[in-house]
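Read the structure below first, then the notes.
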Amino acid sequence: VARAWFGPRCEGPPGHCHGGSMLAVLDEAMGAAAWLAGGAHRPVLAKSATGTFAAPMPLGTDTVLMSWVDSEALWTE
């Protein structure tokens, strides 16, 4: 669980957050969950990260993020 505040440097559309800044924070939360679940001792990577936004998020929004590991796949080449 983490908190994130999206200030003026995250602006995309006037008065609202850029979607890339929101996805970057979600990517960090995902990486933290994987690392805490044991990724510090073995490689962890994201296969993909996509997002669909229901509505624009106004600048100055204070958010709460929750991330967790649902499953684990073995690395194969």
In the stretch 3-52, how many residues are outside any helix (DSSP H, G or I), more than 24 Å from residue 69 (Cβ to Cβ) and open to solvent by 40 Å² or more (accessible area, probe 1.4 Å)?
6
Show the residue pairs meeting these rules: Cβ distance below 7 Å; 6+ apart or different chains; first residue within the stretch 43-66 and closer than 18 Å to residue 4 by Cα and of a type in the set (Val, Ile, Thr); second residue open to solvent by 80 Å² or more (accessible area, probe 1.4 Å) and modelled with pLDDT of 90 or more.
63/3; 64/3
Filter the stretch 62-77 for residues that are in contact with a helix residue (DSSP H, G or I) (Cβ under 9 Å, 6 or more places away or on another chain) and either open to solvent by less than 100 Å² (accessible area, probe 1.4 Å) or at positive phi (or both) and give the result.
63, 65, 67, 69
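The values are calculated or read from the model by the stated rules, or taken from the named source; none is laboratory data. Here the structure is a predicted model, which means the values were calculated and not measured. With ideal geometry, Cβ positions are generated from the backbone for all residues, glycine too; neighbour counts draw on all protein chains shown. Only protein heavy atoms, including side chains, enter the accessible area calculation; ligands, DNA and RNA are left aside. Shrake-Rupley method; radii C 1.70, N 1.55, O 1.52, S 1.80 Å.
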